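Here is the structure we will look at, set down as structure tokens.
Values in this text are rule-based calculations from the coordinates and carry no lab data. If you're wondering where the values come from, they're calculated on a predicted model, not measured in any experiment. Virtual Cβ from ideal backbone geometry, glycine too; neighbours counted across all protein chains shown.
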Amino acid sequence: MKNREHMKILKIAKEILEIESQAIMNQIKHLDSNFCKAVSLVKDCKGHVVIMGLGKSGLIGRKISATMSSIGIPSIFLHSVDGLHGDIGALMKNDIAIAFSYSGGTAEIEKNLLILRKMNIKVIAMSGRPKAQVWQNCDCIVDCSIEKEACPYDLAPTSSTSAMLAMGDALAITVSILKDFTKENLALFHPLGVLGKRLSMNVGDIIKKGVPNPIVKQTSTIEDAIFVMTSTRLGATSVVDDEGIIVGFFTDGDLRRYIQNNNYKILNGSMVSFMTRNPKVITPDVLAVEAAKILNKYNIDNIPVVDMHKKPLGVLDQGDLLAEGII
């Protein structure tokens, strides 16, 4: 009985996701001259992009406003009701407004539009009813219409809000790309949290956090290397020549493979005979997120970090990246 209920739950959820994903895909056909004009208006705006709305559409508008601000498009959200009680005065002559309303049938939106027209503020409408009377004086109307809601009664805002969200994101990201917004700009606006780390933290930042720097000479024995790897808890060590330049790398994985091949005499062997020569290395200026890609590409758990003279500075371990939330 329980299994049957689970199957029913999954079937319902699958149908909802299919309906909403199809609604989003159908928005591609709405990418027309109106969408291009909306992009141009936002891109050329010298002030703020003021997004207005209420209800579920307003919540979507609030998210789009936040997205714009984070990718180099100054934006604020203004609730349509608050706008009618004095807050619409926050708009200045260089601002533009984007009205989010799927139905276009709310009195608050209509009254705000009349005021905006008197203020000579350009207005973009994002609506599922692009031909609604309320939009007749708008400068641009972006069609976000859908065929049906994911709600079984075709009433609760579900597919419609997903479609408006997707179109809002498409508008914001398109403008951001055209304005040459860079990854460095994004890092500036997101200094904290996982996103901030992914955008700004480099390998050097990680190995400076008290992570030990395991090093042995190429003349050392495997037993010496094991002692260093164990004491630093990294399970790997860089191998250097007499000038301190890296010539090899040795990991606990290498040790296990040699022992599995019945090479029990390895403990007394010289490091130069068992190390990985010319190992993959990385420099401290590399972004941590890029380092994670390198580890994944070569299917390795750790990698030596070296300076410009190929002298080891430390070892970057996959666990370090996990601890920082990079992967």
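Data for the structure
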item: Percent breakdown of C-alpha pair distances by 5 Å bin, ordered from the shortest bin, for the range 281-327; result: 5, 24, 34, 25, 10, 2, 0
item: Rel. contact order, % - alpha carbon contacts under 8 angstrom, at least six apart, the chain; result: 14
item: Nearest-0.05 FRET efficiency for Ile173 and His309, computed from C-beta distance (R0 41 Å); result: 0.45
item: Sorted by Cβ neighbour density within 10 Å, fewest at the top, the residues Tyr153, Tyr258, Tyr102; result: Tyr153, Tyr258, Tyr102
item: Share, in percent, of DSSP beta bridges within the range 203-323 that are antiparallel, nearest 5; result: 75
item: The chain: antiparallel DSSP beta bridges as a percent of all, rounded to 5; result: 40
item: Rel. contact order, % - alpha carbon contacts under 8 angstrom, at least six apart, the range 2-181; result: 28
item: Label of the coordinate-derived value, Rg and Dmax of the Cα atoms in Å, listed as (1) 22.0, 80; (2) 18.3, 53; (3) 29.1, 89; result: (3)
item: For the range 138-152, 3J(HN,Hα) per residue [Karplus equation, 6.51 cos²θ - 1.76 cosθ + 1.60, θ = phi - 60°, Hz, x = Gly/Pro]; result: 6, 6, 7, 10, 9, 7, 10, 5, 10, 7, 7, 7, 6, 4, x
item: Expected-Rg normalisation [2.2 N^0.38 Å, Cα atoms] applied to the range 203-323; result: 1.01
item: Sequence-distant lysines (8 or more away, or on other chains) whose Cα lies within less than 28 Å of Lys29; result: Lys14, Lys37, Lys43, Lys56, Lys63, Lys122, Lys131, Lys148, Lys179
item: Pairwise centroid distance, computed over Cα atoms, of the range 271-327 with the range 24-67, Å; result: 43
item: Rounded FRET efficiency, nearest 0.05, which uses the C-beta distance separating Thr283 from Ser231 and R0 of 22 Å; result: 0.30
item: Cut-off under 5 Å, modelled amide H: who pairs with Ile98 long-range; result: Val50, Ile51, Met52, Ile124
item: Structure-based [θ]222 nm, the chain - -39500 (n - 2.57) summed over DSSP H runs of at least 4, per residue, nearest 500; result: -13500 deg cm²/dmol
